[in-house]
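The values are calculated or read from the model by the stated rules, or taken from the named source; none is laboratory data. Remember, predicted model here, so these are calculated numbers, not experimental data. Cβ placement follows ideal geometry from the backbone for every residue including glycine, while neighbour counts extend to all protein chains displayed.
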Protein chains: 2
Amino acid sequence: MSAGRPTISDVAAAAGVSKATVSRFFNHRERLLSPDIAARVQAAIDQLGYAPSPMAQALSRGRSRLIGLVVADIANPYSVAVLRGAERACREAGYLVMLFNLGNEPGREREAIEALAGYQVDGFILNTLGRGHSVPDAVAAQGKPVVLIDRRHTGMQTDFVALDNAGAMAQLCSHLQAGGWQELLYVTEPVAGVSTRRERTAAFGTCLQAPMAGSVFESAEGDDAALLAALAALRRRAGRKRRPAVVAGNAVVTLRVARAVRELGWQFGSDLGFAGFDDPDWAPLIGPGLTCIAQPTDAIGEGAARCLIERLQGHTGPARRVLLEGQLVVRGSSAPG
Amino acid sequence: MSAGRPTISDVAAAAGVSKATVSRFFNHRERLLSPDIAARVQAAIDQLGYAPSPMAQALSRGRSRLIGLVVADIANPYSVAVLRGAERACREAGYLVMLFNLGNEPGREREAIEALAGYQVDGFILNTLGRGHSVPDAVAAQGKPVVLIDRRHTGMQTDFVALDNAGAMAQLCSHLQAGGWQELLYVTEPVAGVSTRRERTAAFGTCLQAPMAGSVFESAEGDDAALLAALAALRRRAGRKRRPAVVAGNAVVTLRVARAVRELGWQFGSDLGFAGFDDPDWAPLIGPGLTCIAQPTDAIGEGAARCLIERLQGHTGPARRVLLEGQLVVRGSSAPG
DNA sequence: TTGTAAGCGTTATCAT
DNA sequence: ATGATAACGCTTACAA
């Protein structure tokens, strides 16, 4: 009766009622419990410091009020920022988030989904690596509602929340154009199989109306020499009449570009223009400050959580696509000249 | 028999054996199961795609193979880096980590610990805010093993893993001294009640043997004007014979100092020396590069996980203090002159 | 070596 | 309005 956490039986005994009554105290108090009994139960609960076991509840109810959140890489500030928004929204709706970090290791999605499913999560929020196709299968197997963040998967008709990539790219390019930066290089992590990267790259292509010209460079980790060469080529292409600028596909790329520029001894805003996706907190400190698209990460996370919770509350209907606008933060790296 | 996940009963039925036999297949296969029966069970498992429910197992066993990890702020790269190390070590030992993020909101520790305890976590790894004293109580109430990361709590006799703060501070100061930076300012987040900050501040004091001189400035969020004033005062104090340098207490402070220096129009490495705790990935990009102490975050997380798992495996004995060495990364901000 | 049955801490369906 | 009692999916004596 006393070792470990008190159970519903302990409370029932202490209050001199049945387990069912104690359970009702938590679940249907107003509707069907007499005030004096309720008071006795309350007293027993306080005295013992009782709290229901979520695990036992989940087992019995078949629902856990747990939401499974899979992130591609917890070390990536974007993932973390989104995670924060989602976690807060879930918590406010009475759900707890169970987190699974893929650590950027490919092929762990299935493991993640199954581990989470084992804990009877009621639904999934997925910010996956985006490659491979184990995700659709694994999710389908669970038959639980899902919302995708940032990266879509072919063959999955689920809710999807992300930045408006095309709109953000248009903002970046027209801003650069207005500043007189006409020879662009879009630097992205390897595109293959990742929807976000594909979309941004495609949007970059459509932004290249005359007088703008541009090309794309895929920057892989550790491949710094190639990036240096690409930047050198960019400036050569631009010559002395057209100003060269880099558009970075995300904060990881921004860091690589900043390192490269430093190594080349160039100055942002004069030797090379810059504007990129994501707005890391160190962006104002690099050279004259880096112009960036700040993603509404909180809203993305919150939107995803909302979508999922609506589904959990029975909302049915076609898969939704929620695209949120980025905010252009102008700094010296894109100064007109 | 078929809706939702298959259960142990489904497998038992399909294999024509009892539930107990299926259970034994997972838990005591070698010791007490005949090969042919094992094969039949295996076949049924494969056919149905069965996996045991961790929740039901936890309920039945009283142990969950879950470790509760509380982090002060998931947006803080230090927390995240430690988390990664801990998570990996736990996973390799067959434990899953259940994460609770305090989001830097004071007073949520108790909530966190109780929520985690509800899921029957076998033990806790705590990287808390460090203020208040709800933590010791809440933990004691659960009677489960605990290891503290980075911040200690008075009145808790538990394992503790952290950076060797005194050693790291000594490295920073003697490095600055060697470079001729003799007038120091230690900038820290508000010290009150946070053991790490207290220890580093104290260590700074003991480093100030002649010819070194120094003082301490507590920098609060949003209080930029005061920081600017403190830096100006530092340079004034130094005069023209002694070179002034800042020691930053962590990456958050480093960011603030970098912003302030930029605003003042100073140059790191000449107008102002710098060396700080934590080595964010943008440190090489600020001015001539910022000299930093890189914390062994992976090792800290892993060490904490190991400590806890040993306790879970029955290790008993006095509370341990594991202090790990930081690594000094020298860059231009502390250049001798 | 295998099966039976009683738990683990809840909720839900009956009665009363 | 309240109390038995059977689930929920699993483990573990105890029997056989």
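Observations on the structure shown:
- Filter pass, residue B:34 being over 42 Å from the mean Cα position of the chain (by Cα) and near DNA strand D (Cβ under 8 Å from one of its atoms): no
- So residue B:68, is it more than 9 Å from DNA strand C (Cβ to nearest atom) and modelled with pLDDT of 95 or more: yes
- Annotation: residue A:19 fulfils all but one of (1) within 14 Å of chain B (Cβ to nearest Cβ); (2) more than 22 Å from residue B:95 (Cα to Cα); the unmet one is (1).
- Filtering segment B:114-126 to residues that are within 12 Å of chain A (Cβ to nearest Cβ) and not aromatic (Phe, Trp, Tyr) leaves B:114, B:115, B:116, B:117, B:118, B:120, B:121.
- The residue of segment A:27-40 that is nearest to residue A:58 (Cα to Cα), among those that are assigned to a helix (DSSP H, G or I) and out of contact with any helix residue (DSSP H, G or I) (no Cβ under 8 Å at 6 or more places or on another chain), is A:27.
- Qualifying residue in segment A:217-226 (condition: within 14 Å of chain B (Cβ to nearest Cβ) and either closer than 30 Å to residue B:252 by Cβ or modelled with pLDDT under 95 (or both)): yes
- Scanning segment B:10-31 for residues that are within 11 Å of DNA strand D (Cβ to nearest atom) and either β-branched (Val, Ile, Thr) or in contact with a Lys or Arg (Cβ under 6 Å, 6 or more places away or on another chain) (or both) turns up B:11, B:12, B:21, B:22.
- Test result for residue A:187, touching a residue at least 12 places away in the same chain (Cβ under 8 Å), touching a helix residue (DSSP H, G or I) at 6+ places or on another chain (Cβ under 6 Å), within 30 Å of residue A:66 (Cβ to Cβ) and of a type in the set (Val, Ile, Thr): no
Yes/no matrix, rows are residues, columns are (1) closer than 19 Å to residue B:322 by Cβ; (2) at pLDDT below 95; (3) of a type in the set (A, V, I, L, M):
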{"position": "B:110", "(1), (2), (3)": "no, yes, no"}
{"position": "B:136", "(1), (2), (3)": "no, yes, no"}
{"position": "B:140", "(1), (2), (3)": "no, yes, yes"}
{"position": "B:164", "(1), (2), (3)": "yes, no, no"}
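- Test: residue in segment B:226-234 that is touching a helix residue (DSSP H, G or I) at 6+ places or on another chain (Cβ under 6 Å) and either in a loop (DSSP other than H, G, I, E, B) or under 18 Å from residue B:177 (Cα atoms) (or both): no
This table checks each residue for (1) more than 21 Å from residue B:275 (Cβ to Cβ); (2) in contact with a Phe, Trp or Tyr (Cβ under 6 Å, 6 or more places away or on another chain); (3) surrounded by fewer than 22 Cβ atoms within 10 Å (Cβ to Cβ).
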{"position": "B:129", "(1), (2), (3)": "yes, no, yes"}
{"position": "B:155", "(1), (2), (3)": "yes, no, yes"}
{"position": "B:171", "(1), (2), (3)": "no, no, yes"}
{"position": "B:181", "(1), (2), (3)": "no, no, no"}
{"position": "B:196", "(1), (2), (3)": "no, no, yes"}
{"position": "B:226", "(1), (2), (3)": "yes, no, yes"}
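- Qualifying residues in segment A:71-107 (those that are surrounded by 23 or more Cβ atoms within 10 Å (Cβ to Cβ), modelled with pLDDT under 95 and away from every other protein chain (no Cβ under 11 Å)) - the one farthest from residue A:139 (Cα to Cα): A:78
- When residues in segment A:46-70 are screened for being away from DNA strand D (no atom under 16 Å from the Cβ) and outside any loop (DSSP other than H, G, I, E, B), 7 of them pass.
- Subset tally (residues that are of a type outside the set (Val, Ile, Thr) and either part of a helix (DSSP H, G or I) or within 10 Å of DNA strand C (Cβ to nearest atom) (or both)) for segment B:1-17: 7
- Exactly one residue out of A:24, A:110 is among the basic types (Lys, Arg), in a helix (DSSP H, G or I) and within 14 Å of another protein chain (Cβ to nearest Cβ), and it is A:110.
- Candidate set: segment A:269-325, residues that are modelled with pLDDT of 95 or more and at positive phi; chosen: the one farthest from the other protein chains (Cβ to nearest Cβ): A:269
- Test set (1) within 15 Å of DNA strand D (Cβ to nearest atom); (2) in a loop (DSSP other than H, G, I, E, B) - residue B:73 fails condition number: (1)
- Scanning segment A:18-29 for any residue that is within 14 Å of DNA strand C (Cβ to nearest atom), loosely packed, with under 12 Cβ neighbours inside 10 Å and basic (Lys, Arg) turns up nothing.
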